[in-house]
Amino acid sequence: MTKNYNSSEIIKAILEEAATFKRETDVRPAGRVISSCDGVVMIEGLMDVKNGELVRISDESYAIALNLETEVTGAILLSASNEISPGDIVYPTGETIKVPSGDNLLGRVIDPLGQPLDGKGPFRASSYRDIESPAPTIFDRAKVAEPLYTGIKAIDVMIPIGKGQRELIIGDRQTGKTAIALDTIVNQKGKDVICVYVAIGQKTSSVARVVKDLTKQGAMDYTIVVSSTAGQPAPLQYLTPYSATAVAEDFMYRGKDVLIIYDDLSKHAVAYRTISLLLKRPSGREAYPGDIFYIHSRLLERSAKLSDEKGGGSLTALPIVETQDGDISAYIPTNVISITDGQIYLETELFNSGMRPAINVGLSVSRVGGAAQSKAIKKVSGKIRLNLAQYREMLIFARFDADLDDATKEVLKHGAILTEALKQKQFSPVSMTDMAIEFLILQNNLLDNFPAKNTQNIITNFIQLYKNKGLSQIYDHITVTKELSDKDAAKILDEFKEYISKIKN
Ligand code: ATP
Ligand code: MG
């Protein structure tokens, strides 16, 4: 027997069904290229593409969607733009961009997409990571409490860096910025720290030189170089630091200590400005777009010291920024200074006067590293900064050739000796213990009777001689405990006094 329905019941049933109807299909609308210029493609018809999603153009090319508008999507190309023509079909992939990570990358030079650049063939990745990922939360972090030695005396004694810290290296062109970064990498040899050197928008020859230097110093075994050179499109340069950080994070989340160097963020900002202008985003100060601060803060926030529950790994960042005419109040320098935990300021004037590394101690600071400094170094570094500052001040008066009183003469003498002691050649790292002994001697002003230029010779010869003989026990004790007891300090000073008395005779 058939049941009779009236029309309202039928309508009600249809409406109910329609309300709960779900379109179960993953077909997404494809788009079409409208225009392509300098690595930026405009696409129409991509209705539901997400920000940062990877899209495929025709068969071979890929781009990342960045500007989402109702009609048009702006995307940045990951390959050469001469393969794109108007009308090409664009498919959303539903994926974000990922890079390979893992131990097999050590010793390799890769581009921001994870392709090898060193001609050593492909490698097997242990996993793939999103190039953009959120920074560790407040609860995932621990305090910066362990030192990361650079092996550079001026830094380790006066501007100490801790694991998980972000310390900016800033200065004009050709002032030794890259040199400090490379010295720090070389000093990590045998210390179980993974290093990632990120070259952004540099000359290919400069990157080749860095790789050659690191190889020669035996530092490539624990280092990964991620590079996009000046000849590559701006989108690739823009992605480089994010993808290098993803490579570094993989090690950090596996409990390792990692050091990452961004060389340099000024060129990164310029690459992003290029993209933004091509995407027709409004420009602000110095023609940089409004979100220029955010692109660097979200990058540097990914550096951290993780808590024990999260494996205790760390990511220490040394971003580099180039200034024009020493102007640290320009837009990008002030931005990055405010994001980092301190800066090492290099000066052309110092560099040209022969002071290398050309660090201006007065303008350099480390806001968190002090907590990480070893007790031995802390004990001998107290007065050094002050003495140097006084010396610089007095130096101005000394220029007038006025009659100087004895106290001033003493400040000048000690300052000259200290300045001499802080000079250091490239690729000659000094160990923590050597530094502790050296600055103990300097702090006690025992070299006043010698010309300042002999300072380094006398001290290094003394340490060399006694490391293996009279002081070897004390030396090892400082190395192991990282402390310098009053008794040991007195013993070292006695030995040193005896040593210099022999030089004089
Ligand atoms: P750029 O602006 O070109 O990137 P930079 O600031 O990175 O330059 P570097 O390339 O590191 O500077 O150094 C410039 C020159 O100074 C190099 O030839 C380098 O070998 C030399 N140099 C740097 N530091 C020292 C040092 N401590 N002792 C001797 N030479 C040094
Ligand atoms: Mg450089």
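Can you name the helices (runs of 4 or more DSSP H) wholly within region 166-258 that have at least 3 residues being more than 16 Å from ligand 1 (Cβ to nearest atom)? Working first, answer last.
On the way: elements: 177-186, 204-216, 234-253.
Because the criterion is at least 3 residues that are more than 16 Å from ligand 1 (Cβ to nearest atom), the helices (runs of 4 or more DSSP H) in region 166-258 that meet it are 234-253.
Just to be sure before I move on: is T204 out of contact with any Pro (no Cβ under 7 Å at 6 or more places or on another chain) and within 13 Å of ligand 2 (Cβ to nearest atom) in the structure I sent?
Details: out of contact with any Pro (no Cβ under 7 Å at 6 or more places or on another chain): yes; within 13 Å of ligand 2 (Cβ to nearest atom): no.
No: the conditions fail for T204.
Of the numbered conditions (1) within 16 Å of ligand 2 (Cβ to nearest atom); (2) farther than 18 Å from R108 by Cβ; (3) within 15 Å of the chain's Cα centre (by Cα), Y242 satisfies every one except a single condition; which is it?
Failed condition: (1).
Could you go through region 283-301 and let me know if any residue there is closer than 30 Å to A371 by Cα and within 16 Å of ligand 2 (Cβ to nearest atom). Walk me through how you get there before you give the answer.
Residues of region 283-301 that are closer than 30 Å to A371 by Cα, as a first pass: 293-301.
Then keep just the ones that are within 16 Å of ligand 2 (Cβ to nearest atom); that gives none.
No; the residues of region 283-301 include none that is closer than 30 Å to A371 by Cα and within 16 Å of ligand 2 (Cβ to nearest atom).
Would you check if S366 is more than 16 Å from ligand 1 (Cβ to nearest atom), modelled with pLDDT of 95 or more and over 13 Å from the mean Cα position of the chain (by Cα)?
no
Let's see how each residue does on (1) touching a Pro at 6+ places or on another chain (Cβ under 6 Å); (2) surrounded by 22 or more Cβ atoms within 10 Å (Cβ to Cβ):
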{"position": "A125", "(1), (2)": "yes, no"}
{"position": "T150", "(1), (2)": "no, yes"}
{"position": "G164", "(1), (2)": "no, yes"}
{"position": "I169", "(1), (2)": "no, yes"}
{"position": "V198", "(1), (2)": "yes, yes"}
{"position": "D213", "(1), (2)": "no, no"}
{"position": "V226", "(1), (2)": "no, yes"}
{"position": "P241", "(1), (2)": "no, yes"}
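For region 247-265, check the following and say yes or no: at least one residue is surrounded by fewer than 22 Cβ atoms within 10 Å (Cβ to Cβ) and within 16 Å of ligand 2 (Cβ to nearest atom).
no
Examine region 482-496 for a residue that is under 22 Å from A416 (Cα atoms) and either part of a helix (DSSP H, G or I) or not β-branched (V, I, T) (or both), and state whether such a residue exists.
Yes: region 482-496 contains one or more residues that are under 22 Å from A416 (Cα atoms) and either part of a helix (DSSP H, G or I) or not β-branched (V, I, T) (or both).
Determine whether region 349-363 contains at least one residue that is of a type in the set (G, A, S), crowded, with 16+ Cβ neighbours inside 10 Å and within 16 Å of ligand 2 (Cβ to nearest atom).
Residues of region 349-363 that are of a type in the set (G, A, S), as a first pass: 353-354, 358, 362.
So of that shortlist, the ones also crowded, with 16+ Cβ neighbours inside 10 Å come out as 358.
Now restrict to residues that are within 16 Å of ligand 2 (Cβ to nearest atom): 358.
Checking region 349-363: at least one residue is of a type in the set (G, A, S), crowded, with 16+ Cβ neighbours inside 10 Å and within 16 Å of ligand 2 (Cβ to nearest atom).
Taking the condition of being closer than 20 Å to D325 by Cα and touching a residue at least 60 places away in the same chain (Cβ under 8 Å), how many residues in region 351-388 meet it?
Of the residues in region 351-388, the ones closer than 20 Å to D325 by Cα are 351-364.
Cutting the leftovers down to touching a residue at least 60 places away in the same chain (Cβ under 8 Å) gives us 351, 354-359, 361, 364.
The total comes to 9.
Return the residue satisfying two criteria in turn: it lies in region 275-307 and is farther than 24 Å from G171 by Cβ and in a helix (DSSP H, G or I), and of such residues it is nearest to the chain's Cα centre (by Cα).
Looking at residues that are farther than 24 Å from G171 by Cβ and in a helix (DSSP H, G or I), I get R298.
Residues in region 133-153: is at least one within 16 Å of ligand 2 (Cβ to nearest atom), in contact with a strand residue (DSSP E or B) (Cβ under 9 Å, 6 or more places away or on another chain) and either assigned to a strand (DSSP E or B) or without any contact (Cβ under 8 Å) to a residue 24 or more places away in the chain (or both)?
no
Contact list please: Cβ distance under 7 Å, first residue in region 320-331 and within 12 Å of T348 (Cβ to Cβ), second residue within 15 Å of ligand 2 (Cβ to nearest atom) and part of a helix (DSSP H, G or I), pairs at least six apart or on different chains.
Correct list of pairs: E322/S266; G326/T348.
Could you please let me know if S206 is of a type in the set (G, A, S) and closer than 20 Å to V99 by Cα?
No; evaluated as a whole, the condition is false for this residue.
State all residues of region 169-201 that are closer than 17 Å to K256 by Cβ and within 12 Å of ligand 2 (Cβ to nearest atom); if no residue qualifies, say none.
Residue satisfying the conditions is Y197 alone.
The values are calculated or read from the model by the stated rules, or taken from the named source; none is laboratory data. Everything quoted here is computed from the prediction, not taken from an experiment. Note that each Cβ is placed from the backbone with ideal geometry, even for glycine, and that neighbours are counted across all protein chains shown.
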